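Coordinate-derived values only; no laboratory data. Because the structure is predicted, anything quoted here is derived from the model rather than measured. Don't worry about glycine lacking a Cβ; one is built from the backbone with ideal geometry, like all the others, and counts go over all protein chains shown.
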Amino acid sequence: MAPSATPIDSSPPSTSSSVDNNLQPFFVLHKASSGKSERKSTGSAKTRRRIDLSPSLQMNAKKLEAKRVEECDDDCYVNLRVEAFEIVWSKIESTIKNVLRDVNTNVFNEIHRWVCQSFNTIMSSRTIAFHEATQAFPIITDASSKQLFTGLVLTKNMEFVDDLLTFEELGLHLRSQGCRVANLSSLDFTAKSGINGCLRSLLRQFLMASLDAVDISILASWYREQGNYGNPVVVIVEDIERCCGSVMSDFILMLSEWVFKIPVILIMGVATTLDAPRNILCSDVLQHLNPCKFTLGTPTERMDAVIEAVLVKPCSGFSVSHKVALFMRNYFARQDGTLTSFIRALKIACVQHFSMEPLSFILGGISSEENEQVLQDGLLLQMLLKHAFDLPSFVRNTTGEHNGEIFTHGLLEMKKLLKHWGIVVLCLYEAGKYDKIRLLDLLCEALDPELHNFRTSDTHTKIEEEPCPFSSNYRCHQQYPVFRKGGFIGRALRKVRDLPIVQLCKLLQRWEELTVDVIKIHEKLKELRPVLKSENDKSSKEDMTNISKRQASRSQLNMEDTKAVYEKATILMECMVRDYMQPIESIPLHEVFCFKNVEKLQSALIGDPRRRIQVDLLESHIILRCRCCSGGGNTLLPTMHDTSIMYNLAQEHGDLINLHDWYQSFKSTVLFPRSKRKQKSKQSPSKKRKNLTEPENLSEAAIQARFCRAVAELQITGLIRMPTKRRPDFVQRVAFGL
Amino acid sequence: MEINDGDEDEFGFSRNYFLAKDMAASGKKSTHKLSDINLVDEQELRAEASNAEPKHEKEIESLMESYKSLYSKWVFELRCGFGLLMYGFGSKKALIEDFASTALTEYSVVVINGYLQSINIKQVLITLAELLWDQLKSKRRTPSRNLSKAQQAFNTRSMDDLLAFLDGSQVEENDGVVCVVIHNIDGPGLRDSETQQYLAQIASCSHIRIVASIDHVNAPLLWDKKMVHTQFNWCWYHVPTFAPYKVEGMFFPLILAHGGSAQSAKTAAIVLQSLTPNAQSMPIDNLYTVSRERFLVSSQVTLNSHLTEFKDHDLVKTRRHSDGQDCLYIPLASEALEKLFLNYD
């Protein structure tokens, strides 16, 4: 490479003007200012900018608001919030990782056992063929001995993106068991780089160095080294469907030739069906594979496990509102159904929360009991209270004194309530599992603040106050909306009644485990235990013996007992839902922990350039907020942005736009107001004329130049396709409708 | 209910499409020709185009101003490890560069002009690595082994090595972050899938943050799910500016110019300007010997690399002569060439 070809060398960034920079493929805008002094100067630059700008602008209310927010940002310890985000997100991330690892543990162990077995098989056949294996080049005549043990891991998921982490974890798992592991992806199996591409990546991962020469023999000598010899070598290919078939075939042939020198065991991720290798590889390569099948959990299973750990059980303290949860569920169901996208949505929600909520920094210390410490800091406390008493949910629920104690109390209370909420949701989920209810659906319903709104207007006494919630008059579900709606909570509750007695026992046992920390509920469940135990025993006995007449009459009696148990269990669950499942949005101070802004989340998560850019063009005057163009209603005014006029005009054409016609209509729009050409107009012409500026004295050249520029801009946005040789007088429209 | 909305959208789209098709078919297709317009001379057109009076300058300015309140949020998100993707109609070049030079002073910032025709990603990577190296060197308290290993010249190292260096974890977070501004990440110079893969890999490096803009409505199609969800990690921002696409549109042909083809003296001059001095001043019709005599190139390899550059930009084309030898020629009119050299000298 000629060193002179570096653009950066020829134009030192400090001296180059912006015009030059515009034509450089790339340039250094500035180098990092060093140290804290610079950080300070940034701050001062910021304030200066604000001062410079303010008089030049008409400050409307919105801008004032923005300014207030900005100032607030400066005050509110942005750094603290960034730190808090990092703490919270790393907590969530590691929780997710652990959950997914747990989900996969069984499969991973299974795979490891198979790897060991396969390795032993290779090694034993290797000792038989020892004299062959010690030759300089492996000469193997027997086809069966060139078999490559291949694990086909069915991912049950068309989207490979969710499994990237799985295979990474699998690699780590096998490595921790002493295997030598390399992870390859479809990027390593491209036709362009051929067999060298994957071999290079293999060497890079095993030898931890990039070499100029790539050869499999290097790997063989690496394997002979101390520390490597005697360990299985595992090569994981994440997504075989996306790999180049011929390169893959070559790779497998090569590995199978060398399998005695390097005992490679192949693991391949398969997104479709077991046919995939047959579709990709040729038959003589398939002969060399000795396959074994493994299956991973479905995305839905993983999803529920993640939700349980992150959003239902106490994890990071960060939470989302009912509306956000609904949005995220729809995003998961409609966008691409990948866990990865769901986690990304959660992360964006998280960052939006921390960037907007001044008090969110509390989350950084919430679980490590540091918030007490935070309250010791006088300055922080002041700021905290200032903001806390602005929170609508706090204002509603506190009267009188504004001090730190109320705040701390509020925090503790919230922690307790959220814990209870999570426990009840999990209890419901346990019941719902028998009806294949997904936790995500349950979560969305359980977050609905309407639940609580109803509750507060409800005059029924709470479980705490009434010693016996089993009395029949305690049943309130007729009035309580959750039970009435055909919702998931209602379904889960009904399922409790429909369960066979054995399963009910299991369920109640699970509930007991889950509610260990909520003594009141736990006690009630314990009360049910003896009744159930006898019931359970009886029912199992009944299964074995024929029911005699006498027994039948006894079971008649039991029937009533059993009925009572079901009744009690259902009532208990209902009471738990009613009294303990308080959605976060109805708890004071929830704004600090709960992200509620669906619009912000949506716009940051899903850019919609195709629609938005068209809307920009069709309604430019709304975005520009200019006086000159907004008076016209639907008519095109000459003052409008040229490209906007052009795109509006384009809507009147078919899929092809005749350039001549387009130009003529553009010209007449620019020269004369639309109303003069089209007599049909809703407004009176006199009123309209006032708004319009006089037609400018435009030269033909100027109009043509503007036309050209607008066409070029539409081409940049990709909304039109340029004329072809076959159709020199037409451009093609690309987008139809928003 | 919402799912029905989706269906509705799709239905709306197909209906619109067929309506448009219909309109073209039933309504008598216009037979007007471009030549029916009294087209002005190309030079005049270009002059007018560059002089055209901008509309709504004040509104555009206040629109830009309104985005300044978002700067602190953008910085926050960058610090939290996200990439920023700006879209919406209008050139976002000035906006992003203003953001970078006022709010990102703590970081080194490299700008990539994706609207240009060819961009050497490896050179970008080398520059990024050098910047990061400088930054780490000045901030580091105790020398670590990893760093001393990195000391070897970056321009001899492979892409993988460079990426690994940028993705290193030697230093706590924000101390060693380089921001990369990519104007038109969907531009012609970056549009191919290999480059996009590299950009995604760069974006996922721990020491790199990306602020990019797109203008094409179909730009998201450049990325697969791995790139979107795990590498670029975009926060989208709809920031229409309505500012003219001055530089971005430079390489687009004027549709009313004669022939309409992209080749023109001006674009040629722009390409020449953006080349290195050695490449710029090389008379194209001369052969290797002449170039060598004039100390312009020292080897056939260098000459070829320059020629490839010219070929890529259609400044030079090859034609096989009857005797089998490759001949180089310039596909420009001689007046255009004269003018070019007059202007260029």
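Quote the FRET efficiency, to the nearest 0.05, computed for A:Leu286 versus B:Ala47 with a Förster distance R0 of 56 Å and r equal to the Cβ-Cβ distance.
0.25
At 4 °C and 1.567 mPa s, grab the translational diffusion coefficient of the stretch A:99-297 from Stokes-Einstein with a Kirkwood Rh over Cα pairs, rounded to a whole number in µm² per second.
Translational diffusion coefficient: 76 µm²/s.
Which of the peptides A:422-428, A:440-446, A:101-107 is most tightly packed, and how do the rest follow, judged by the mean count of other Cβ atoms within 10 Å per residue?
The packing order, highest mean first, is A:422-428, A:440-446, A:101-107.
What nm value, rounded to one decimal, do you get for the distance between B:Phe18 and B:Asp98 when each label is placed 7 Å out toward the C-beta?
Computed distance between label sites B:Phe18 and B:Asp98 equals 4.7 nm.
A:Lys416 to A:Asp435: extension gain in nm, 0.36 nm per residue of separation minus the Cα-Cα distance?
Extra length available between A:Lys416 and A:Asp435 comes to 3.9 nm.
I'd like the Karplus ³J(HN,Hα) series for the stretch B:95-107: coefficients 6.51, -1.76, 1.60, θ = phi - 60°, whole numbers in Hz, and an x wherever there's a Gly or Pro.
With the stated coefficients, the stretch B:95-107 comes to 4, 5, 5, 5, 4, 5, 7, 9, 9, 10, 5, 6, 10 Hz.
Calculate the spin-label point distance for A:Lys97 paired with A:Val19, positioning each point 7 Å from the Cα along the beta-carbon direction, and give it in nanometres.
5.3 nm
Determine which residues of the stretch A:632-664 fall in the zone a paramagnetic label at B:Lys58 would reach in this model, i.e. backbone nitrogen under 14 Å from the point 7 Å along Cα→Cβ.
Answer for the stretch A:632-664: none.
Exposure proxy check: A:Cys198, A:Cys244 ranked by fewest other beta carbons within 10 Å?
Placing the least packed residue first, the sequence is A:Cys244, A:Cys198.
Using the 10 angstrom Cβ neighbour count as an exposure proxy, how do A:Val259, A:Val516 rank, fewest first?
Exposure proxy ranking, most exposed first: A:Val516, A:Val259.
Please report A:Ser341, B:Ser101 as a ranked list, fewest other C-beta atoms within 10 angstrom at the top and most at the bottom.
Ordered by Cβ neighbours within 10 Å, fewest first: B:Ser101, A:Ser341.
Which FRET efficiency, nearest 0.05, do A:Cys116 and A:Arg510 yield, Cβ-Cβ r, R0 30 Å?
0.25
Run the numbers for A:Ser221 and A:Gln602: contour at 0.36 nm per residue of separation, minus the present Cα-Cα distance, in nm.
Contour length minus Cα-Cα distance gives 131.8 nm.
If amide hydrogens are placed 1.01 Å from N in the peptide plane, which non-local residues have theirs closer than 5 Å to the one on A:Leu589?
A:Ser393, A:Phe394
Long-range amide H contacts for B:Val178: which residues qualify at under 5 Å (H placed 1.01 Å from N, peptide plane, sequence gap of 5 or more or a different chain)?
B:Ile208, B:Arg209
Which entries in the list B:Lys55/B:Lys93; A:Lys192/B:Lys317; A:Lys667/B:Lys93; A:Lys156/B:Lys225 go over 22 Å, if you measure between the two C-alpha atoms of each?
Pairs exceeding 22 Å: A:Lys192/B:Lys317; A:Lys667/B:Lys93.
Once R0 is set to 25 Å, what does the formula 1/(1 + (r/R0)^6) return for the Cβ-Cβ distance between A:Arg627 and A:Ser699, expressed as a FRET efficiency to the nearest 0.05?
Step by step, r from the Cβ atoms, then E = 0.40.
Once both labels are modelled 7 Å past Cα along the beta-carbon direction, what's the A:Leu738-A:Gln503 spacing in nm?
Calculated label separation equals 4.7 nm.
Give a residue-ordered list of calculated ³J(HN,Hα) values for the stretch A:606-622 (Karplus: 6.51 cos²θ - 1.76 cosθ + 1.60, θ = phi - 60°; whole Hz; x for Gly, Pro).
Rounded to whole hertz, the list is 10, x, 10, x, 4, 7, 5, 5, 5, 5, 3, 6, 6, 10, 4, 5, 6.
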